[in-house]
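Structure record follows, encoded as structure tokens.
The values are calculated or read from the model by the stated rules, or taken from the named source; none is laboratory data. Remember, it's a predicted structure, so these values are computed and weren't measured experimentally. Here the Cβ positions follow ideal geometry from the backbone for every residue, glycine too, while neighbour counts run over all protein chains shown. Remember, those area values only see protein heavy atoms, side chains included, never the ligands or the DNA or RNA. Shrake-Rupley method; radii C 1.70, N 1.55, O 1.52, S 1.80 Å.
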Amino acid sequence: MFNKSGRKDTPEINGSSLADIAFLLLIFFLVVTTIDVDTGIGLMLPPIPDDTEPPPVRERNLLNILVNAQGMVLLDGEPSAIPEVKNRVQEFVDNQGVDPNLSESPDDAIVSIKTDRRTPYNVYIDMLDEVMGAYEELRHAASMNRFGVPYSELQSDSPEQQEIRDMYPKKISIAEPDEG
Amino acid sequence: MSRFKKKQAKTKQGVPTSAMPDVVFMLLIFFMVTTVLREVELQVQVDYTRAENIEKIEQKRLVSYIYIGPERLGGGQLGETRVQIDDALVDDMNSIRNIMYDKLMEEPRLIVSLRVDRDSEFGTITDVQQELRHAGTLRINYSTLREI
């Protein structure tokens with residue numbers, strides 16, 4: 001008699017509600033999760049200069065961009081509108097030694113950016129965006145020429161991408177800030 | 001006809017649901033792993049700027065954030081431009097280099113993401129950048145949204 005009843009209700013936890021519990025947790029995590037991808041403009045800061053003299057850079061290989069306190073952009077001393085910056089940078093970088101006032105080769109070209117203490121941040125970002133866009137277009141064109149594939153489609157850190165990067169290295173320098 | 005009927009009656013109807021908890025658990029574990037629960041409490045106001053030529057930061061674990069913007073005071077008022085690292089406002093600019101240097105020692109491939117309010121003036125950012133250069137954390141990223 002006892003034996004029989006013991007066999008009848010075998011100790012077993014009802015597992016049918018397990019799915020419900022899991023669903024509840026799942027919904028909680030779904031709501032809480034923020035899959036926001038961090039996007040932004042990447043840049044390498046120059047290291048603090050030590051006492052050794054920096055290697056001399058020829059004037060023609062340097063494109064000075066100055067953004068002043070009023071949010072005006074000066075390219076090598078000439079005022080210019082922000083949408084023009086992209087074309088000017090492209091001309092400068094991709095000169096290949098033709099114009100004696102512009103860079104000798106993309107590898108030598110250095111874009112130097114200088115700001116004032118009161119430069120508005122969004123103007124600076126717009127300008128930087130244009131510079132990045134110039135390099136992006138040059139790399140895209142080079143990649144289409146060389147491999148017939150857009151630069152963005154190249155696998156990251158593949159030899160192909162490295163080759164295009166070496167063709168147009170992003171040499172963007174942040175000028176030393178003025179004292180005071 | 002009757003033969004067909006018999007066959008159909010024998011086959012079991014309905015999708016077996018016994019594997020559903022497993023599937024749900026798998027999804028659950030995926031979301032648990034990907035969730036980043038700890039979001040810093042912002043003490044400064046940050047409205048991002050927009051830009052077109054932006055890149056994604058794939059490895060979120062390498063990123064350390066610096067927030068720069070007007071301080072949030074009570075009652076929706078905004079104060080002076082301040083710098084916030086992790087949960088605290090930075091009072092002394094010179095302390096940034098020590099904080100960032102410690103972080104760099106923990107994670108040598110550190111990327112510093114600068115989340116700056118669009119209306120800030122660049123002087124503060126210049127100061128922060130100088131500190132970052134002293135700390136040796138040279139890889140930075142200006143956080144922006146995608147231009148629509």
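Given the options A:V98, A:V89, name the one that is in contact with a strand residue (DSSP E or B) (Cβ under 8 Å, 6 or more places away or on another chain) and more than 26 Å from B:Y67 (Cα to Cα).
Numbers: A:V98 fails: in contact with a strand residue (DSSP E or B) (Cβ under 8 Å, 6 or more places away or on another chain).
Result of the check over A:V98, A:V89: A:V89.
Taking A:D116, is it charged (D, E, K, R), within 9 Å of chain B (Cβ to nearest Cβ) and open to solvent by less than 40 Å² (accessible area, probe 1.4 Å)?
Details: charged (D, E, K, R): yes; within 9 Å of chain B (Cβ to nearest Cβ): yes; open to solvent by less than 40 Å² (accessible area, probe 1.4 Å): no.
Judged against the criteria, A:D116 is not a match.
For the criterion of being within 17 Å of B:N53 (Cα to Cα), away from chain B (no Cβ under 11 Å) and either surrounded by fewer than 19 Cβ atoms within 10 Å (Cβ to Cβ) or touching a strand residue (DSSP E or B) at 6+ places or on another chain (Cβ under 9 Å) (or both), A:E137 fails. Taken over segment A:154-176, the criterion of being surrounded by 11 or more Cβ atoms within 10 Å (Cβ to Cβ) and not aliphatic (A, V, I, L, M) is satisfied by A:E160, A:Q161, A:Q162, A:E163, A:R165, A:Y168, A:P169, A:K170, A:K171, A:S173, A:E176.
Working only within segment B:34-62, note down all residues that are more than 8 Å from chain A (Cβ to nearest Cβ), without any contact (Cβ under 8 Å) to a residue 60 or more places away in the chain and open to solvent by less than 100 Å² (accessible area, probe 1.4 Å). Selection gives B:V40, B:L42, B:Q43, B:Q59, B:L62.
Of all residues in segment B:109-144, those that are assigned to a strand (DSSP E or B), within 7 Å of chain A (Cβ to nearest Cβ) and either open to solvent by 10 Å² or more (accessible area, probe 1.4 Å) or more than 14 Å from A:T39 (Cα to Cα) (or both) total 2.
For segment A:52-146, the strands (runs of 3 or more DSSP E) that sit wholly inside it and include 3 or more residues that are aliphatic (A, V, I, L, M) are A:62-67, A:73-75, A:110-115. Restricting attention to segment A:77-89, does a residue exist that is within 12 Å of chain B (Cβ to nearest Cβ) and either basic (K, R) or over 23 Å from the mean Cα position of the chain (by Cα) (or both)? Yes, some residue in segment A:77-89 is within 12 Å of chain B (Cβ to nearest Cβ) and either basic (K, R) or over 23 Å from the mean Cα position of the chain (by Cα) (or both).
May I ask you to verify whether A:G148 is at pLDDT 85 or above, out of contact with any Ser or Thr (no Cβ under 8 Å at 6 or more places or on another chain) and more than 11 Å from every other protein chain (Cβ to nearest Cβ)? Even if it seems obvious, please write down each step before you answer.
Values: at pLDDT 85 or above: yes; out of contact with any Ser or Thr (no Cβ under 8 Å at 6 or more places or on another chain): yes; more than 11 Å from every other protein chain (Cβ to nearest Cβ): yes.
For A:G148, the condition - at pLDDT 85 or above, out of contact with any Ser or Thr (no Cβ under 8 Å at 6 or more places or on another chain) and more than 11 Å from every other protein chain (Cβ to nearest Cβ) - is met.
Only residues that are open to solvent by 30 Å² or more (accessible area, probe 1.4 Å) and farther than 16 Å from A:E84 by Cα were counted across segment A:119-134, and they come to 2.
Modelled with pLDDT under 85, of a type outside the set (A, V, I, L, M, F, W, C) and over 19 Å from B:N53 (Cβ atoms): which single residue out of A:P47, A:P79 fits that description?
Values: A:P79 fails: modelled with pLDDT under 85.
One residue alone meets the criteria, A:P47.
Checked against (1) outside any strand (DSSP E or B); (2) free of Cβ contacts under 8 Å to residues at least 40 places away in the same chain; (3) away from chain A (no Cβ under 11 Å); (4) open to solvent by 10 Å² or more (accessible area, probe 1.4 Å), B:I148 passes all but condition (2).
Selection of first residues in segment A:43-58 that are within 14 Å of chain B (Cβ to nearest Cβ) and of second residues that are open to solvent by 100 Å² or more (accessible area, probe 1.4 Å) and of a type in the set (S, T, Y), restricted to Cβ pairs under 8 Å at least 6 apart or on distinct chains, gives an empty result.
Residue-wise test of (1) in contact with a Ser or Thr (Cβ under 7 Å, 6 or more places away or on another chain); (2) buried (at least 18 other Cβ atoms within 10 Å of the Cβ); (3) over 22 Å from B:E121 (Cβ atoms); (4) hydroxyl-bearing (S, T, Y).
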residue	(1), (2), (3), (4)
B:T81	yes, yes, no, yes
B:Q84	no, yes, no, no
B:D92	no, no, no, no
B:K103	yes, no, yes, no
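Just one of (1) surrounded by 14 or more Cβ atoms within 10 Å (Cβ to Cβ); (2) over 12 Å from A:K114 (Cα atoms); (3) free of Cβ contacts under 8 Å to residues at least 60 places away in the same chain fails for A:E78. It is (1).
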